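Q: Sharing a structure here in structure tokens format.
The values are calculated or read from the model by the stated rules, or taken from the named source; none is laboratory data. In this text the structure is predicted, and so the values were computed from the model without any measurement. As a convention, Cβ positions derive from the backbone with ideal geometry for all residues, glycine included, and neighbour counts pool all protein chains shown.
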Ligand SMILES: C[S@@+](CC[C@H](N)C(=O)[O-])C[C@H]1O[C@@H](n2cnc3c(N)ncnc32)[C@H](O)[C@@H]1O
């Protein structure tokens, strides 16, 4: 087990439909009643990718309670986090204060009312922002628009086969991702990774099981000046 492994698969609301469990009210309720739902450590795959990266402008879309945004800020990056849930954003601001780092946090619905500043970020992070197909395509198009020429979209998500072959995560197939859909979403970027990765997760019963995730790394072509 590694930091951040414990809780990434918990926090689900099994009886709710994906629409019900994806509302701002449902996210607020989850965050207000369950503490730091995904812990305070960064996602392990993000830590593997971003450790040692030179400081850059980073956007974390669907930043939740800020574990990734705050960790990135501790690594010297200039970070902006956006999330639907004001409760999560308040918790993220507190986490940033606890770590004595500055992060710009914004409450916004990435699909409905957030406008991407074109080319404003060198790295756009999406960590388990699991949306149904139409919303997923909108959010991913905005992520691609926000990334600067030469910059990177880095995404981790629950894989479609996690329901049958893996553990935890949302139990609604429509919000799970598979490689073909992501390749289409980020078709204008160059994909260096778009593949399944595996994560040990400890359930509430203390048993460690394997979650199936999907990791994508996609780079926007550099402009004429390189
Ligand atoms: C599974 S959590 C992941 C949080 C964080 N990225 C992490 O890895 O710890 C998904 C987050 O996406 C946010 N979210 C869901 N739909 C959203 C939307 N349309 N716009 C912005 N945030 C959204 C939720 O509020 C929630 O915090």
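Q: For the condition under 22 Å from residue 114 (Cα atoms), more than 16 Å from the ligand (Cβ to nearest atom) and surrounded by fewer than 19 Cβ atoms within 10 Å (Cβ to Cβ), what is the one hit in 195, 145, 204, 188?
A: Only one candidate passes the filter, namely 188.
Q: Hey, any hits in region 40-52 for a residue that's near the ligand (Cβ under 8 Å from one of its atoms) and either under 14 Å from the mean Cα position of the chain (by Cα) or at pLDDT below 95 (or both)?
A: Scanning region 40-52 turns up at least one residue that is near the ligand (Cβ under 8 Å from one of its atoms) and either under 14 Å from the mean Cα position of the chain (by Cα) or at pLDDT below 95 (or both).
Q: Filter region 111-136 down to the residues that are closer than 30 Å to residue 209 by Cα and more than 9 Å from the ligand (Cβ to nearest atom) and list them by number.
A: Those that are closer than 30 Å to residue 209 by Cα and more than 9 Å from the ligand (Cβ to nearest atom): 124, 132, 133, 136.
Q: All but one of (1) in contact with a strand residue (DSSP E or B) (Cβ under 7 Å, 6 or more places away or on another chain); (2) surrounded by 16 or more Cβ atoms within 10 Å (Cβ to Cβ) hold for residue 71; which doesn't?
A: (1)
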